[in-house]
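Below is one structure, written out as structure tokens; the observations come after it.
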Amino acid sequence: MPAAAALLAERHRQHRLRHPLLPAAYEDQQRALAEVTAAWESEDASGTVLRDGDEVTGYLLGAPKKSPVWGPNIWVEAAGHAVREAEHIRDLYGAAASTWVDGGRIAHYTLVPDDAALLDAWFRLAFGSQHAHAIRPVPETPIPVPAGLTVRTAVRDDIPILAQLDLTLPQHQGLSPVFSAGMLPTLQEALDEWEEDFDDPEHVTFVAESNGRVIGSSIGSSIEKGSTHSGLSQPDNAGFLGFAAVLPEARGLGAGRALGEAVLNWSAEMGYDSVVTDWRVTNLLSSRAWPALGFRQTFHRLHRLIGH
């Protein structure tokens with residue numbers, strides 16, 4: 001475990017040369033050890049280790065998630081792998097995956113830093129890119145709203161359209177080329193959730209209007225309030241662009257960009273240093289909108305389904 005932590009700390013140090021907004025703490029081997037230990041102690045975790053003589057030169061740890069959305073799965077999280085040489089991740093996976101597949105776990109996921117050699121090694125294991133994690137600094141000066149749009153903080157009277165927009169994103173994700181299998185809530189469930197959580201002080205909701213009609217919404221919070229980003233992928237003192245959606249008939253007016261910029265401006269006002277977001281890379285809208293807003297991809301979530 002200490003040797004694995006040393007590999008992880010070095011991988012993270014190299015990663016931060018490209019993305020200095022990522023948390024510096026995990027360059028320390030003791031902090032890295034806590035992350036490796038957490039991966040090892042995950043329920044039903046298993047994996048492999050690579051040795052060159054007495055020296056550990058790579059490790060791989062995966063564990064299942066209970067959510068049925070992911071299928072009979074194994075997840076290798078950000079702290080679940082590190083190697084001295086990128087090619088060796090293929091040997092580690094080859095040894096670990098036989099046990100996983102023998103146990104019926106055929107949906108494999110891994111969170112990989114944007115290291116070209118490491119990504120190439122995973123791609124040559126038949127993994128493909130599924131989801132992006134990205135970061136950018138907060139704007140130094142407020143970004144103005146485009147002409148023809150109004151962006152404001154949501155009020156309770158907006159709850160019906162906010163609930164409708166809650167359905168818009170998963171409906172879009174279910175279409176080609178995303179084909180997400182995520183559960184779609186009912187409109188009543190979305191309404192009930194907004195009625196209960198609207199006054200939550202830990203989130204801010206913005207709406208975009210065109211000709212006096214609300215056409216989109218976005219939500220900002222502290223990064224700690226999002227479940228997707230943790231450990232090595234969770235920057236210190238960061239805001240989080242957790243949601244944005246625009247009604248299909250209103251796309252093309254610039255509302256999505258304006259709503260994202262509203263969260264950026266809010267994050268700067270709150271004193272955050274950076275803003276994090278994530279998206280499905282097969283979502284053609286978000287995979288173009290957020291990089292255009294200055295977000296740089298830090299981690300790639302890769303996926304492989306065995307036997308098909």
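What follows draws every value from the coordinates through simple rules; no lab data is involved. A quick note: this is a predicted structure, and the numbers were derived from the prediction, not measured. Using ideal geometry, Cβ is built from the backbone for each residue, glycine included, and neighbour counts are taken over all protein chains shown.
Filter the chymotrypsin sites (Phe, Trp or Tyr not before Pro) in segment 111-199 to those in DSSP coil with at most 16 other Cβ atoms within 10 Å of their Cβ, and list the result.
Numbers: sites: W122, F123, F127, F179, W194, F198; in loops: F127, F179, F198.
When the chymotrypsin sites (Phe, Trp or Tyr not before Pro) of segment 111-199 are filtered for loop state and at most 16 Cβ neighbours within 10 Å, F179, F198 remain.
Can you tell me the relative contact order of segment 137-296? Whole percent, Cα pairs under 8 Å, sequence separation 6 or more.
Values: 244 pairs, mean separation 42.8, N = 160.
Result for segment 137-296 is 27 percent.
Subtract the Cα-Cα distance of S227 and A24 from 0.36 nm times their separation in residues, and report this length gain in nm to one decimal.
On the way: separation 203, 0.36 × 203 = 73.08 nm, distance 2.03 nm.
Taking 0.36 nm per residue and subtracting the Cα distance, the gain is 71.1 nm.
Given +1 on the Cβ of Lys and Arg, -1 on the Cβ of Asp and Glu, and no further charges, what dipole in debye does segment 202-308 carry about its Cα centre, rounded to the nearest 20?
Working: 9 positive and 9 negative charges, 113 e Å.
Once rounded to the nearest 20, the dipole reads 540 debye.
When only Cα pairs under 8 Å and 6 or more residues apart are kept, what is the percent relative contact order across the chain? Intermediate values should be presented prior to the final figure.
On the way: 569 pairs, mean separation 67.4, N = 308.
Worked out over the chain, it gives 22 percent.
7 Å from Cα along Cα→Cβ at both A6 and D236: what's the point-to-point distance in nm?
2.5 nm
Could you list the residues of segment 198-216 with an amide nitrogen less than 13 Å from a label point located 7 Å from the Cα of R156 in the Cα-to-C-beta direction?
Backbone N within reach: 198-200.
Relative contact order of segment 2-125: what whole-number percent is it, with Cα pairs under 8 angstrom and at least 6 residues apart? The partial results should precede the final answer.
Working: 192 pairs, mean separation 28.4, N = 124.
It comes to 23 percent, rounded to a whole number.
With springs only between Cα atoms under 10 Å, which of S180, S218, S233 fluctuates most in a Gaussian network model of the chain?
With Cα springs under 10 Å in the chain, the top fluctuation among S180, S218, S233 is at S180.
Once you have the Cα-Cα distance between L253 and S98, take 0.36 nm times their residue separation minus that, and quote the gain in nm to one decimal. Walk me through the numbers before you get to the answer.
Values: separation 155, 0.36 × 155 = 55.80 nm, distance 4.98 nm.
Value of the extension gain: 50.8 nm.
Label segment 137-296 by shape, choosing from rounded, prolate and oblate, from the square roots a ≥ b ≥ c of the eigenvalues of the Cα gyration tensor; if a/c is under 1.5 it is rounded, and otherwise prolate applies when a/b is larger than b/c, oblate when it is not.
Rounded, because the longest to shortest axis ratio a/c is under 1.5.
When ranked by the protection proxy of mean other Cβ atoms within 10 Å per residue, highest first, what sequence do the peptides 293-299, 99-105, 45-51 form? Walk me through the numbers before you get to the answer.
Numbers: 293-299: 20.0, 99-105: 14.1, 45-51: 17.1.
Peptide ranking by packing, descending: 293-299, 45-51, 99-105.
Where does the chain land at 222 nm, in deg cm²/dmol rounded to the nearest 500, when only DSSP H runs of n ≥ 4 count, each adding -39500 (n - 2.57), divided by all residues?
Numbers: 8 runs with 100 residues, N = 308.
Computed mean residue ellipticity for the chain: -10000 deg cm²/dmol.
Cα atoms only: what Rg and Dmax, in Å, come out for segment 2-125?
Computed over the Cα atoms of segment 2-125, radius of gyration and Dmax are 14.1, 41 Å.
Length gain on complete extension for the stretch D200 to A86, per 0.36 nm per residue less the alpha carbon to alpha carbon distance? List each step's numbers first, then the result.
Values: separation 114, 0.36 × 114 = 41.04 nm, distance 4.42 nm.
That works out to 36.6 nm of additional length.
Just report the Cα centroid separation between segment 36-74 and segment 96-130, whole Å.
12 Å
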